[in-house]
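The values are calculated or read from the model by the stated rules, or taken from the named source; none is laboratory data. As the structure is a computational prediction, the values presented were derived from the model and not from experiment. Note that we place each Cβ from the backbone using ideal geometry, even for glycine, and neighbour counts take in every protein chain shown. The area values use the complete protein model at the heavy-atom level, side chains included, leaving out ligands, DNA and RNA. Shrake-Rupley method; radii C 1.70, N 1.55, O 1.52, S 1.80 Å.
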Amino acid sequence: MQVGLKQITAIAVLCLAVIVSMVTGRSFMSMWERDKIVPGPGVTKIKMLSEYFPALEGSAGDTAVYFLEGSEPGGTVSVMGGTHADEPSGWMSAILIVENAVVKKGRLIVVPQCNQSGFTHSYPQEAYPQRIDIATPHGVRSFRFGSRTANPIHFWPDPEVYVHYPSGQNLSGDEVRNLNRAYPGRPLGSFAERVAFGIKAVLLSEKVDLNVDLHEAPPEYPFINAIGAHERGKEIATLVAMELQAEKISIGLELSPPRFHGLTYRELGDFTPAICLLMETANPIQGRLRGVTDQELALQGQDDFYVQAARLGRTFVPFDLNGWPLRIRVGRHLSALLKIWTVFSDLNQDKAFVAENIPSLDELREKGIGYFLKAPP
Ligand SMILES: [Zn+2]
């Protein structure tokens, strides 16, 4: 058989397809390697979520649970980051706590990457960067910039309609992979429901008194730069918002809507004894009005389209040329957390909690995030 032009073209196209698949496949699979988090001086033990719910062992839903325990007895508080892996101020705040905080009184439990599966892929058609790189005095630390939902390779296919358990609430099918619609979870449920069940088990078995879940939202969303509270957290949230406002940190306040189900500050408040709060900062890379979408936007949060949108009154936060850099958003979360713990301790003196060495908004504004990250492992 003579090899003609058609055969040569077919072989060339096939080879090209194999090369492209290898390059993109390697890039895709590189997201499966977990981020390195360096336990700081305050970490007293590290457990895995599967120790609370063994069915998660070896799965993409398993994730590290860090304990920082003080020498004096007190309350047990927890912090959740990475429920949504494309909201970096949440998980970066949790990582800075793990790498820096020292607890004096009580116990602190931190889950920096609640939805590990969400970190293994990027949201389709959003042009998100795969990673964000942060310079530290010791070298660059690289972190995955993931997706709002779990990876379809870990749960597929999505149903037409996602029916929340146990409320029966109906949501669009892809919300079945959204961890923050899956609480309280169930052991034989969807991927997200199983992770949610594991996290609820942590709160129950460790007798957590106060849980705070850290999030971000686009500047055009109304629930932003805000603290949300379960009914039992109303008093703390109100006092914290007032104190932050007095310090010129503008923050809104919202009660968890009783009929909107699946969220941490609704279901973990209803199904565990913990007081549950949720916080949001302004993240332009998630928004519909953004321009160029790259690592710069993820880190600096500056966008000319949002400046214009704010001028036209289309955003729920002020947005000038300074934008909302990640260090400011992380600083807001950490300063608010410190305030939450102080107010909680004032109201519950038998369960007081005191932690030190957590970077504040002013420190992060001045020194940046990298200053507070440990040397690359
Ligand atoms: Zn979120």
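Data overview
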read-out: Max mean-square fluctuation residue, GNM over the chain, Cα-Cα springs under 10 Å, options TYR165, TYR183, TYR66; value: TYR165
read-out: Cα gyration tensor shape for the range 10-58, rounded if a/c is under 1.5, else prolate or oblate; value: oblate
read-out: The range 246-308: chymotrypsin sites (Phe, Trp or Tyr not before Pro) falling in loop per DSSP and having at most 15 other Cβ within 10 Å; value: PHE260
read-out: Under the span-like rule (Cα at least 15 Å along the axis, Kyte-Doolittle mean at least 0.5), DSSP H helices of the chain; value: 5-30, 88-100, 191-205, 234-246, 326-347
read-out: Test item: Cα-centred dipole of the chain, Lys/Arg +1 and Asp/Glu -1 on Cβ, debye; value: 480 debye
read-out: Distance histogram in 5 Å bins (all Cα pairs of the range 1-108, percent per bin); value: 2, 10, 13, 15, 14, 10, 7, 5, 5, 5, 4, 4, 3, 2, 1, 1, 0
read-out: Distance-filtered residues of the range 114-145 - backbone nitrogen under 15 Å, label point 7 angstrom along TYR371 Cα→Cβ; value: 135-138
read-out: Cα centroid separation, the range 1-77 to the range 298-377 (Å); value: 27 Å
read-out: Cα-Cα over 31 Å, subset of LYS234/LYS374; LYS207/LYS248; LYS36/LYS248; LYS47/LYS105; LYS104/LYS200; value: LYS234/LYS374; LYS207/LYS248; LYS36/LYS248
read-out: Accessible area per residue in Å² at 1.4 Å probe, computed on the range 70-137; value: 25 Å²
read-out: Highest to lowest packing among 243-252, 26-35, scored as the average C-beta count within 10 Å; value: 243-252, 26-35
read-out: For the range 79-159: relative contact order, % (alpha-carbon pairs under 8 angstrom, 6 or more apart); value: 34 percent
read-out: Residue-span extension gain [MET29 to LEU171] - 0.36 nm each, minus C-alpha spacing; value: 48.1 nm
read-out: Reference-scaled alpha-carbon Rg (2.2 N^0.38 Å with N residues) for the chain; value: 1.03
read-out: Sparse-neighbour loop sites [trypsin sites (Lys or Arg not before Pro); the range 186-238; at most 13 other C-beta within 10 Å; DSSP]; value: LYS207
read-out: Convex hull volume per residue in cubic angstrom - Cα atoms of the range 254-377; value: 179 Å³
read-out: Of all accessible heavy-atom area on the range 35-372, the percent that carbon and sulfur account for (1.4 Å); value: 53 percent
read-out: Pairwise FRET efficiency - SER142 versus ILE8, Cβ, R0 = 56 Å, nearest 0.05; value: 0.85
read-out: Most mobile listed residue (VAL176, VAL354, VAL23) in the chain, GNM with C-alpha springs under 10 Å; value: VAL23
read-out: Computed over the range 148-219: relative contact order in percent, which uses C-alpha pairs under 8 Å that are six or more apart; value: 22 percent
